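Accompanying notes for the structure given below.
The values are calculated or read from the model by the stated rules, or taken from the named source; none is laboratory data. In this text the structure is predicted, and so the values were computed from the model without any measurement. Note that we place each Cβ from the backbone using ideal geometry, even for glycine, and neighbour counts take in every protein chain shown.
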Amino acid sequence: MVMLPGTGDEKWRKMNFHRQGILTFLFCMAVSLHSGCADSQWVEPFSERLSITVLDSIGIETGDSCYVFGSIVDAEITPSGSILLLDQIACCIRKFTPEGTYLSILSRRGNGPGEFAYPMEMALQPDGRIVVRDFGKLSLVVLDRNGESLSDLAEWLLLPPEAIVSAGVDQIAGYEIDLDLHGSEVLAVFKPALYSLNDTRRELVLLSDSVVMNIEEISSSMTGLQGSSIMTSDGEGRVFYSRRSTGDYEVRCWDIEGNLLFTVSLGIPPVAKTQQELLEETEYARIQFSSLGLNTLPEGFEPDPFHTLIVGLGVDSRGNLWIQRGTEERPVFDIIDNNGDHIGTAEFPRAGKHWQFSITPNGSLAWDLDPILGFQRVYMIDLPVVDQE
């Protein structure tokens, strides 16, 4: 945890204390929100699922250090096809050719301009700039295409926006969470918005969505270090947002003027986890907290008994939205066209609850945060073409 500098001003001391409390609260807890069950029985609209194909992979257990990963937490494909992998443990971005041949390392560990302390995610701008959200520095680190430092955007009230995605040459989209503590209750306000890369001013709030939670309930339903919402974009002016929920399956789509274009809402009911899944999730959380220097799980920790309905979003080269469900043994995607209509369902051929995907107009990648082999590989994947006739 980064400690904020002290000040002699009582007002600033109180604000910094409040900020630190919220940072700890957000970093140690994921918000798992419940709602009522669906009114009717869910029926799969497509009897046949399309198959996602694994083409090749990058990553080895031992050997050439260029291909041995610490912990890949995000990945992007550039318009030229180069693959960028954000390694959280190594505090760098590894760059590879489209075929998976190592090219270079961008940035390094440190607190200086352009360096990383605890990188969480990245967004790739149309002009090649790379924006990295760094929790350790409480900033957005902006690099040029070669990894040279351009700026560190750090003047945020609490935290830089999460789930960052490109929304144009000088814009990104992301969301902030405002918290107001009232005794045993917390009012959380989720604000997906557009931001300028020229400064930290929030230019346009797309949604202000609030929910009241009980602190004890949050502690007992904590699911690890996941974010509470997900965002993606198509690179051509559309931005998508979904809040992680065990009861609501919903994705909103806006243009960059803030106009709501459509809402995707499927009637998938809550899906309970098995006892084995609860045990595995507890062990996974134990490992994650141990990596942060915490020897025990927080008091009152219990995995949420239900699966999160939506765990990932992406947009393919045809402009279709891919919504990753979190309810099945293998990753399953609902495919949504430009009008917001459900046009197909696809399945990834490998099981696991911690698969991450980067589905972009430039290409698609997959990696497992908890690989069964004990070391990470990043897979180049091919998405099926959906027959819309």
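Worth pointing out:
- Candidates GLY352, GLY344 - the one that is touching a strand residue (DSSP E or B) at 6+ places or on another chain (Cβ under 7 Å), without any contact (Cβ under 8 Å) to a residue 60 or more places away in the chain and over 16 Å from ASP74 (Cα atoms): GLY352
- Just one of the listed residues (ILE335, ILE343) is assigned to a strand (DSSP E or B), surrounded by fewer than 18 Cβ atoms within 10 Å (Cβ to Cβ) and not acidic (Asp, Glu), namely ILE343.
- Summed over the range 144-168, the residues that are more than 20 Å from the chain's Cα centre (by Cα) and either crowded, with 18+ Cβ neighbours inside 10 Å or basic (Lys, Arg) (or both) give a count of 2.
- The range 262-279: number of residues that are farther than 20 Å from PHE333 by Cβ and either in a loop (DSSP other than H, G, I, E, B) or of a type outside the set (S, T, N, Q) (or both): 6
- Qualifying residue in the range 91-113 (condition: of a type in the set (Gly, Ala, Ser), part of a loop (DSSP other than H, G, I, E, B) and under 22 Å from ILE381 (Cα atoms)): yes
- Of residues in the range 331-353 being modelled with pLDDT of 95 or more and among the charged types (D, E, K, R), the one nearest to ASP248 (Cα to Cα): ASP334
- Residue identified as touching a Cys at 6+ places or on another chain (Cβ under 8 Å), at pLDDT 95 or above and surrounded by 20 or more Cβ atoms within 10 Å (Cβ to Cβ) among LEU383, LEU321: LEU321
- Residues of the range 294-301 include at least one that is among the charged types (D, E, K, R) and over 20 Å from LEU50 (Cβ atoms).
- Any hit, the range 167-181, residues being outside any strand (DSSP E or B), under 25 Å from ARG252 (Cα atoms), at pLDDT 85 or above and out of contact with any Leu (no Cβ under 7 Å at 6 or more places or on another chain): yes
- For the range 265-277, the set of residues classified as at pLDDT 90 or above and either under 28 Å from ASP370 (Cβ atoms) or out of contact with any strand residue (DSSP E or B) (no Cβ under 6 Å at 6 or more places or on another chain) (or both) consists of LEU266, ILE268, PRO269, PRO270, VAL271, ALA272, LYS273, THR274, GLN275, GLN276, listed by residue number.
- Any hit, the range 81-94, residues being over 30 Å from SER290 (Cβ atoms), over 18 Å from the mean Cα position of the chain (by Cα) and at pLDDT 95 or above: yes
- Applying a threshold of 7 Å to beta carbon distances and a minimum spacing of six or more residues, or different chains, the list of pairs starting in the range 261-287 at a residue that is under 30 Å from PHE240 (Cβ atoms) and of a type in the set (Gly, Ala, Ser) and ending at one that is at pLDDT 95 or above and outside any strand (DSSP E or B) reads SER265/TYR249.
- GLY363 meets the conditions (1) crowded, with 20+ Cβ neighbours inside 10 Å; (2) touching a residue at least 60 places away in the same chain (Cβ under 8 Å); (3) within 16 Å of the chain's Cα centre (by Cα) in every case but one. The failed one is (3).
- Identity of the residue in the range 288-318, loosely packed, with under 13 Cβ neighbours inside 10 Å and under 24 Å from TRP367 (Cβ atoms), that ends up modelled with the highest pLDDT: SER290
- In the range 242-254, residue farthest from the chain's Cα centre (by Cα) [restricted to those that are at pLDDT below 95 and part of a strand (DSSP E or B)]: SER245
- For VAL141, the conditions (1) in contact with an Asp or Glu (Cβ under 6 Å, 6 or more places away or on another chain); (2) within 18 Å of LEU365 (Cα to Cα); (3) not polar (S, T, N, Q) all hold with the exception of (2).
- PRO126 vs. criteria in contact with a Lys or Arg (Cβ under 7 Å, 6 or more places away or on another chain) and outside any strand (DSSP E or B): no
Conditions (1) aromatic (Phe, Trp, Tyr); (2) farther than 21 Å from ASP368 by Cβ; (3) assigned to a loop (DSSP other than H, G, I, E, B); (4) modelled with pLDDT of 85 or more, marked per residue:
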site	(1), (2), (3), (4)
THR24	no, yes, no, no
ALA30	no, no, yes, no
GLY36	no, yes, yes, no
SER40	no, yes, yes, no
GLU44	no, yes, yes, yes
GLY63	no, no, yes, yes
PHE69	yes, no, yes, yes
VAL73	no, no, no, yes
